[in-house]
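*Asks:* Could you have a look at this structure, given as structure tokens, before my questions?
The values are calculated or read from the model by the stated rules, or taken from the named source; none is laboratory data. Since the model is a prediction, treat every value here as computed from it, not as a measurement. Note that we place each Cβ from the backbone using ideal geometry, even for glycine, and neighbour counts take in every protein chain shown.
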Amino acid sequence: MSIFPSVRFLTSAAEPHQLAADTGQEVAFAGRSNSGKSTAINAITQRTGLARVSRTPGRTQLINFFELSPDRRLVDLPGYGFAKVPERVRLHWLQLMEHYFNVRESLVGLMLIVDGRRGLGEQDVAMLEWVLSRQRSAHVLLTKADKLNRRDSQRVLKETASACGDTAVTTQLFSAHAKQGIDEARSVMQGWMAAEV
Ligand SMILES: Nc1nc2c(ncn2[C@@H]2O[C@H](COP(=O)(O)OP(=O)(O)O)[C@@H](O)[C@H]2O)c(=O)[nH]1
Ligand SMILES: [Mg+2]
């Protein structure tokens, strides 16, 4: 039995005017390129090929919208953190993200995907600040937990929680490969959308 039996790709936006209709509720997934965002989306929706997983990070600056059920969407925001991206590309990313966070009424929460071996970076913190300043929820998935031993995974969990300080941001360990934390992440996402009904 599939959890989202009718999940489907809806549309892609490269420019502000191409965003999906701003109705109902949506949860956005953001993160550095290669942090495991596509893998997390596929694990949470139980669809292997929904968001593409790549070994070589692509440079597509697209916001991808997936419909989970009528008026419930999952949004795959373009990754960040490339070492050598042209200034023009970085600016385009910035403008698209600012526009998205500024206008999006249906956005209920942000799932921030962070490689557990790296921990929170500067741009991750900036994403959290954007979404918190707009009174939306946020949850951090510390991915690839299967690559960390117990001590390191507990350390990154603690460091992330303390970096989030007294905000309402929650955090968890996650591994698509080891099937760890998938149900927990899905419940957080569904909880945000249910709360808005
Ligand atoms: N060990 C391990 N590798 C993972 C996990 N999730 C993703 N990866 C790997 O990390 C790389 C980037 O994953 P991807 O989902 O494409 O990252 P994205 O660029 O953030 O969308 C791929 O090689 C994945 O196989 C995980 O839970 N464990
Ligand atoms: Mg991806």
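*Asks:* Considering each of A21, A40 in turn, give the residue that is within 12 Å of ligand 1 (Cβ to nearest atom) and farther than 15 Å from M193 by Cα. Reasoning before the result, please.
*Replies:* On the way: A21 fails: within 12 Å of ligand 1 (Cβ to nearest atom).
Selected residue: A40, the only one of A21, A40 that is within 12 Å of ligand 1 (Cβ to nearest atom) and farther than 15 Å from M193 by Cα.
*Asks:* Quick check on R186: is it among the basic types (K, R) and in contact (Cβ under 8 Å) with a residue 60 or more places away in the chain? Lay out the reasoning, then the answer.
*Replies:* On the way: among the basic types (K, R): yes; in contact (Cβ under 8 Å) with a residue 60 or more places away in the chain: yes.
Taking the combined requirement at face value, the residue satisfies it.
*Asks:* Check every one of the strands (runs of 3 or more DSSP E) wholly within segment 93-197 and list those with 2 or more residues that are of a type in the set (S, T, N, Q) and surrounded by 15 or more Cβ atoms within 10 Å (Cβ to Cβ).
*Replies:* The strands (runs of 3 or more DSSP E) meeting that bar are 137-143, 170-173.
*Asks:* Kindly state which strands (runs of 3 or more DSSP E) lie completely within segment 19-78 and contain at least 1 residues that are at pLDDT 95 or above, within 16 Å of V188 (Cα to Cα) and aromatic (F, W, Y). If you could, list the steps in order and put the result at the bottom.
*Replies:* Details: elements: 25-31, 63-69, 72-76.
By residue number, 25-31.
*Asks:* (1) surrounded by fewer than 13 Cβ atoms within 10 Å (Cβ to Cβ); (2) β-branched (V, I, T); (3) farther than 24 Å from E98 by Cβ; (4) away from ligand 1 (no atom under 16 Å from the Cβ): which one isn't true of T48, the others all being true?
*Replies:* Among (1) surrounded by fewer than 13 Cβ atoms within 10 Å (Cβ to Cβ); (2) β-branched (V, I, T); (3) farther than 24 Å from E98 by Cβ; (4) away from ligand 1 (no atom under 16 Å from the Cβ), the lone unmet condition for T48 is (4).
*Asks:* Looking at segment 67-88, which of its residues are surrounded by 14 or more Cβ atoms within 10 Å (Cβ to Cβ), within 16 Å of ligand 1 (Cβ to nearest atom) and of a type in the set (A, V, I, L, M)?
*Replies:* As a first pass, look at segment 67-88 and keep what is surrounded by 14 or more Cβ atoms within 10 Å (Cβ to Cβ): 67-68, 71-82, 85.
Now narrow it down to the ones that are within 16 Å of ligand 1 (Cβ to nearest atom): 74-82, 85.
Selection gives L74, V75, L77, V85.
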